[in-house]
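This report concerns only the one structure given below.
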Amino acid sequence: MSEQLNTLFNEKVVDENSSSKRRLDGSAQLAHIAGLLANTSLKTIDADFEKYKDAVAASKTDNKSMDELLSDLISYDDVPDTDFIKELDDDTIEGILKSQQSKRSRCKKNTMTMDNYRAMMIASISENIVRHLTGRIKNSVGNRRSSGEIGYTDEELLMYSKDQNALRRELRNLQSKKSIEKRKDDFNEEDERYQAILEAIDQLKARRIAGDFTTPDAIDITRDKLSDILDEVDIKSLKAAEAKALLEEIFKLTTTEELSEELSESDTQAE
């Protein structure tokens with residue numbers, strides 16, 4: 001891999017806690033197939049680094065982002081030599097899924113070296129292959145994302161309305177996906193997938209609550225603005241009129257309209 005891809009990861013570390021465990025039937029064969037797909041995916045990413053770098057960065061900490069990245073890189077309908085999965089019994093299938101989920105979770109907690117990221121990618125690919133072939137739906141959102149479909153049900157939009165932090169994370173995921181599409185050589189604004197991303201972004205923005213001060217973006221904007229205002233102020237020497245003017249400026253900053261405008265500008269820049 002090139003040096004630019006390596007810049008997204010920590011240096012390799014020695015894992016002194018690794019241990020061998022009994023493999024479930026089919027898991028070794030599945031891991032081999034997923035490993036080949038992971039290698040191909042990493043080569044594709046490396047060959048078009050600017051196109052994928054934001055998606056890779058997001059996928060290091062978010063399972064949904066990883067699944068979305070992989071759905072752009074892998075056609076699960078065309079993965080060869082996977083018929084053996086359909087012959088496994090239900091208990092083995094469930095065991096494999098739980099094992100891959102555990103691997104993903106452990107990898108996210110480890111130092112994110114290239115080797116660790118590849119291991120997490122292999123676990124993700126393995127899980128997605130099994131779910132695709134057996135029809136085991138992770139959830140309505142995840143299933144649609146793994147198949148490349150973009151959009152939200154009324155129930156999902158209601159959930160995002162209630163969880164503004166989750167909404168803003170999902171918006172950032174969509175912005176990353178939008179950037180990936182725009183960097184494609186054959187990019188066309190009228191492309192159905194690109195238009196679906198734009199529609200999904202609009203759906204989420206319509207559910208955004210203005211003046212939600214709990215989001216990281218809102219907190220950062222408010223903190224930076226306050227820092228600018230107070231940077232050259234000597235509070236101890238303020239006169240009454242100056243103190244009043246300062247309070248008015250701070251009050252204006254924390255109003256819903258003022259912060260909403262700042263957040264909108266932030267989202268526009270992200271696009």
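The values are calculated or read from the model by the stated rules, or taken from the named source; none is laboratory data. Model, not experiment: these values are computed from the prediction. Note that we place each Cβ from the backbone using ideal geometry, even for glycine, and neighbour counts take in every protein chain shown.
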Is one or more of the residues making up region 80-96 more than 16 Å from the chain's Cα centre (by Cα), free of Cβ contacts under 8 Å to residues at least 40 places away in the same chain and surrounded by 15 or more Cβ atoms within 10 Å (Cβ to Cβ)? yes
How many of the residues making up region 182-201 are surrounded by 11 or more Cβ atoms within 10 Å (Cβ to Cβ) and either free of Cβ contacts under 8 Å to residues at least 60 places away in the same chain or in a helix (DSSP H, G or I) (or both)? 13
Specify the residue that is surrounded by the most Cβ atoms within 10 Å (Cβ to Cβ); the eligible residues are those in region 126-162 that are at pLDDT below 85 and of a type in the set (Asp, Glu). GLU156
Looking at region 50-60, is at least one residue modelled with pLDDT of 90 or more, loosely packed, with under 13 Cβ neighbours inside 10 Å and within 19 Å of the chain's Cα centre (by Cα)? yes
In this structure, is SER71 of a type in the set (Gly, Ala, Ser) and touching a Gly at 6+ places or on another chain (Cβ under 9 Å)? yes
When you scan region 97-105, do you find a residue that is outside any helix (DSSP H, G or I) and either without any contact (Cβ under 8 Å) to a residue 12 or more places away in the chain or assigned by TED's automatic domain parsing to the domain that holds LYS184 (or both), even just one? no
Looking at this structure, is ILE122 part of a helix (DSSP H, G or I), of a type in the set (Val, Ile, Thr) and in contact (Cβ under 8 Å) with a residue 60 or more places away in the chain? yes
Filtering region 238-261 for residues that are out of contact with any Leu (no Cβ under 8 Å at 6 or more places or on another chain) and at pLDDT 65 or above leaves a count of 12
